[in-house]
1. How much of the accessible area of the stretch 32-127, probe 1.4 Å, is carbon plus sulfur, in whole percent?
2. What residues of the stretch 183-206 lie in the reach of a label at Q109, counting those whose backbone N is under 19 Å from a point 7 Å from the Cα along Cα→Cβ?
3. Please list, ordered by chain and number, the residues whose modelled amide H lies under 5 Å from the amide H of S145; skip anything fewer than 5 residues away on the same chain.
4. Mind listing the phi-derived Karplus ³J(HN,Hα) values for the stretch 36-46, rounded to whole Hz, using 6.51, -1.76 and 1.60 with θ = phi - 60°, and x for any glycine or proline?
5. Convert each backbone phi in the stretch 99-115 into a coupling constant with the Karplus relation 6.51 cos²θ - 1.76 cosθ + 1.60 (shift: θ = phi - 60°), then list the ³J(HN,Hα) values in order as whole Hz, x for Gly and Pro.
6. Please list 148-155, 43-50 highest first by mean number of surrounding beta-carbon atoms within 10 Å per residue.
7. Once phi is turned into θ = phi - 60°, what whole-Hz ³J(HN,Hα) does the Karplus curve with 6.51, -1.76 and 1.60 give for every residue of the stretch 73-90, x standing for Gly and Pro?
8. Quick check: the distance between the Cα centres of the stretch 1-47 and the stretch 95-119, to the nearest angstrom?
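The values are calculated or read from the model by the stated rules, or taken from the named source; none is laboratory data. Only a predicted model underlies this, so the values are computations on that prediction, with no experimental measurement involved. In this analysis, Cβ positions are derived from the backbone assuming ideal geometry, glycine residues included, and neighbour counts consider all displayed protein chains. The protein model used for the area step is the full one, side chains on, heavy atoms only, and it has no ligands, DNA or RNA in it. Shrake-Rupley method; radii C 1.70, N 1.55, O 1.52, S 1.80 Å.
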Amino acid sequence: MSEELVRELIARPPMVRELPGFDAGRAPEEPAPLFVEWLRGALAAEVPDAQVVTLSTVDPEGMPDARVLVLRDVDPARSGWVFWADADSPKGRQLAAGPRAAMTVYWPQLGRQVRVRGAVRSAPAPAALTRSPGARAASLVGRQSEPLGSAAEYDAAFTAALAADPALPVPGHTVYTLEAATVEFWQGDPSRRHVRLRYERSASGWSRTLLWP
Ligand SMILES: Cc1cc2nc3c(=O)[nH]c(=O)nc-3n(C[C@H](O)[C@H](O)[C@H](O)COP(=O)(O)O)c2cc1C
């Protein structure tokens, strides 16, 4: 253990800066609108890559796995968080074997964390999309996380991918929706009076509970 590193980390406590407040008493009945409000706040505050989230899954042996990916949409009707990924990848296979996941995002400039857990539904990208002009970008997927032969091989596939419309799922990608069972909003406070609000879905709708921070 490096004493110098330990000292440096102690000297840098997180969230010691001005942060927004969060009045949990005025939170909406469902979590998706609050998430969108916080995401819009993060975009307005120019948090870099505010739409990048961490997706956690578990492999068939029960070993947890996590990686970051881009959040593509939030569907309030399903309380669903949408992302695109290659079904033929470790995460795709983990989701096929056990279609449940957790998604986490932290926006440092605002001291805000959101945690979403639930079931994951998948839908193949619509057929029309697979005939898009970016179809050659398919060469980028179907091989994710496999060993790469050479940098040049990747460069060629990447150049082709650049031609694709970024608003459309990459051909070959699956559209996944994480349907929330619980969503926790966490607002950090520089004086450590953090606020945590958990939404829980039941047959009769959503309930809200304040948690000890
Ligand atoms: C900023 C950023 C954005 C990413 N966006 C995605 C994405 O939208 N979909 C995706 O499948 N992988 C995305 N990745 C790559 C994943 O983090 C991961 O490396 C890849 O999906 C392989 O994961 P797996 O081996 O667990 O299947 C992104 C990586 C970074 C750093």
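1. Here carbon and sulfur together make up 54 percent of the probe-accessible area.
2. The answer is 186-190, whose backbone nitrogens lie closer than 19 Å to the label point.
3. none
4. 4, 4, 5, 5, 4, x, 5, 5, 5, 7, 6
5. x, 9, 7, 10, 10, 10, 9, 10, 10, x, 4, 10, x, 10, 10, 10, 10
6. 43-50, 148-155
7. 5, 10, 9, x, 5, 9, 6, x, 9, 9, 9, 10, 7, 7, 5, 9, 9, x
8. Cα centroid of the stretch 1-47 versus Cα centroid of the stretch 95-119: 15 Å apart.
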